[in-house]
Structures are given as C-alpha cells and as structure tokens.
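The values are calculated or read from the model by the stated rules, or taken from the named source; none is laboratory data. In this text, all values refer to a predicted model and were calculated from it rather than measured experimentally. Note: accessible area is taken over every heavy atom of the protein model, side chains too, but ligands, DNA and RNA are not part of it. Shrake-Rupley method; radii C 1.70, N 1.55, O 1.52, S 1.80 Å.
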Amino acid sequence: QVQLVESGGGLVQAGGSLRLSCAASGLAFTKYAMGWFRQAPGKEREFVAAISRNGDSTQYADSARDRFTISRDNAKNTVYLQMNSVKPEDTAVYYCAAHWWVIVTQSLDYWGQGTQVTVTS
C-alpha cells in the first residue's frame, strides 16, 4: 500500500540542472523524515540529502552540499531534490526514502523504485 514513486530522472549535460520528485502515498507523510540516496554501478548506495518532518532542518552529503537542495511539500506529499551544476560523478540511480522512528527499538522505513540520472561530459 505504501508507495514512493520517483520521477524526473534522465539525461543531462554536465553543468546542467535536474529536479527529482518523489510522490508518497499510503502513509502519514508528515510523520516521516525524507531522504535521497543514490547508487552507481559497482558502488555502495550512498546518502545524498535528508529533510526533517516539517522541513525546518536539512542534511547533505559533502558531495551534494552547495549544489543540491532537498525540499518537501507536505500538502502534496512530495519531496524534491534540485540538482544544480551536475557532474558525471552524479550519474547513478537515485532513490527516495522515508523514515519514521516510532519508538526507540522500532522504525518504519520505505524506499522508492529509483530513477536513473545520467550526466554526460
């Protein structure tokens, strides 16, 4: 029932921009912190950016800081990743994630199916 659906991926030239979207359904969106992760072929999945439940706090990987911006629209149950000044190293499958720490020993985590971003030089 819970679904996270990413969109907005595609082919982009180095130095260009792209905006990824993640539409959530089947969950109480405002209870979840949201994040973006990515995985390139042969590499581990890595953290990109995260945003708190009410959007008042954000966190970025060093590779994304100053180039990417995460945001959320709780009225639309959607989280975004604005990618500017993209580099070939940004090429990866980008995944949307939701996390709710219900109690100390129990959390709820969901992942989207991913969207491919390919940056050409």
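Given springs between every Cα pair under 10 Å in a Gaussian network model of the chain, which of ASP73, ASP90, ASP56 has the largest fluctuation?
ASP56
Tell me, what is the Rg over Rh of the chain, with Rh the Kirkwood radius over Cα pairs?
Values: Rg = 13.9 Å, Rh = 14.4 Å.
My calculation of the ratio gives 0.97.
Excluding same-chain residues fewer than 8 positions from LYS87, which lysines have a Cα within less than 21 Å of its Cα?
LYS43
Any idea of the accessible area per residue across the chain, 1.4 Å probe, to the nearest Å²? Working shown, then result.
On the way: 6570 Å² over 121 residues.
Each residue of the chain exposes 54 Å² on average to a 1.4 Å probe.
Can you tell me the relative contact order of the chain? Whole percent, Cα pairs under 8 Å, sequence separation 6 or more.
Numbers: 297 pairs, mean separation 41.8, N = 121.
That works out to 35 percent.
How much of the accessible area of the chain, in percent, comes from carbon and sulfur atoms when a 1.4 Å probe is used? Intermediate values should be presented prior to the final figure.
On the way: 3180 of 6570 Å².
For the chain, the apolar C and S fraction of the accessible surface comes to 48 percent.
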